[in-house]
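S.K.: This is the structure I have questions about; it appears just below.
Please treat every number below as a calculation from the coordinates, not as lab data. The model shown is predicted, which means the values in this text are computed figures rather than measured ones. FYI the Cβ positions are ideal-geometry reconstructions off the backbone, even for glycines, and counts take in every protein chain you see.
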Amino acid sequence: MPVNFCPLSAHLGMAERRLRKAGVDSPRLSAELLLAKILDKDRLWVITHLDTHLNSSQASAFSRWVGCRATGVPIAYLLESKEFFGLEFAVTSDVLIPRPETEVLLEAASTLWPSDENLSFVDVGTGSGAIGVGMAHTFPNSRGVLTDLSLRALHVAQRNVAAHHLDSRLSFICSDLLSAFGPRSMQAVLSNPPYVSSVAYWKMSFEIRHFEPVQALWSGVHGTEVHVKLLRQAKRTLQSGGWICLEIAPDQADALQECLAENWPRDWTEVSIVQDWAGRDRVLRARRV
Ligand code: GLN
């Protein structure tokens with residue numbers, strides 16, 4: 001195979017300059033991760049083998065991928081993988097890339113039951129399956145249903161559930177929120193629903209708006225539309241004493257707490273907000289009476 005005469009350090013330097021010029025965040029890191037993927041190694045290997053040479057097909061693949069990254073394609077979509085909650089998830093552009101703030105939702109849920117609870121839960125709008133898989137890890141005796149309106153997203157979730165060997169405990173339903181569930185059928189409803197308002201959506205980065213699925217992000221003019229619909233449906237789906245845990249935007253906590261108090265004061269109790277590591281309101285929890 002013909003050898004390209006530049007060492008990795010030179011390829012990385014060129015890629016970094018190209019990405020920086022395109023305005024990409026952390027250009028060096030992106031370049032190292034893409035090169036590691038092409039070489040089927042990890043990033044540590046790349047940074048400790050800077051005088052290795054690429055062959056020409058590796059060099060042209062690297063240049064192509066750096067070109068994609070320079071147009072704004074998120075690094076997770078190029079790597080087809082994202083770490084979340086200490087676990088590896090396959091991701092495609094059919095699903096939202098799991099965010100670190102969603103780990104707060106899993107931590108907030110983890111304190112609600114003993115870890116050996118035979119918990120029944122539903123992860124609504126599962127996307128990559130991150131919340132469902134995270135819950136199944138946290139509660140090893142639990143059984144969960146992962147829903148999404150997008151069949152393509154469910155396909156990604158299914159791949160992740162299989163990769164984590166959770167097929168016997170997690171199942172899938174293509175459903176608009178909780179419409180497929182019977183009354184009083186679940187102990188827990190968890191969701192990171194779309195919650196970005198119209199104004200906030202247009203302020204989001206180019207990378208998010210152009211490459212991540214809008215239906216996983218934007219929920220309407222106010223941003224709380226899907227939360228409210230879910231709270232209404234979950235009232236029926238949850239067993240008495242069951243919990244709902246919803247990821248929220250920090251400026252939605254007051255409106256959602258008021259909505260619960262005004263519309264369903266007798267249905268929900270123990271309403272609380274959990275903050276993320278930056279002290280921002282991030283998760284709404286409420287218990288079905
Ligand atoms: N936390 C996401 C973001 O700001 C939004 C996720 C959502 O709408 N569920 O990028």
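S.K.: Take the alpha-carbon centre of the range 79-119, take the same for the range 207-248, and report the distance between them in whole Å.
M.R.: 16 Å
S.K.: Among Leu34, Leu149, Leu87, determine the one that fluctuates most according to a GNM of the chain built with springs between C-alpha atoms less than 10 Å apart.
M.R.: Leu87
S.K.: Still on this structure, I have one more. If contacts are Cα pairs under 8 angstrom and at least 6 residues apart, what is the relative contact order of the range 164-283 in percent? Mind showing how you got there, number by number?
M.R.: Numbers: 139 pairs, mean separation 34.9, N = 120.
Relative contact order here is 29 percent.
S.K.: Net charge within 13 Å of Glu16 by Cβ-Cβ distance, Lys/Arg positive one each and Asp/Glu negative one each, not counting Glu16 itself?
M.R.: Numbers: positive: Arg17, Arg18, Arg20, Lys21, Arg28, Arg69; negative: Asp25, Glu32.
My count for the surroundings of Glu16 gives +4.
S.K.: How high is the relative contact order of the range 103-218, in percent, with contacts defined as C-alpha pairs under 8 Å that are six or more residues apart? Provide the component values of the computation, followed by the final result.
M.R.: Working: 178 pairs, mean separation 31.1, N = 116.
That works out to 27 percent.
S.K.: Under a 10 Å cutoff between Cα atoms, tell me which one of Gly132, Gly220, Gly144 has the largest fluctuation in the Gaussian network model of the chain.
M.R.: Gly220
S.K.: Report, in degrees rounded to the nearest 10, the 0 to 90 angle that the Cα long axis of helix 225-237 makes with the longest principal axis of the chain.
M.R.: The angle comes out at about 50 degrees.
S.K.: Can you tell me how the range 83-229 classifies by the Cα gyration tensor, rounded, prolate or oblate, using a/c under 1.5 as the rounded cut? Show your work: numbers first, answer last.
M.R.: Numbers: a/c = 1.67, a/b = 1.45, b/c = 1.16.
It is prolate, given that a/c is not under 1.5 and a/b is the larger ratio.
S.K.: List the lysines whose Cα lies under 29 Å from the Cα of Lys82, skipping any in the same chain that are fewer than 8 positions away.
M.R.: In chain and number order, the partners are Lys21, Lys37, Lys41, Lys203.
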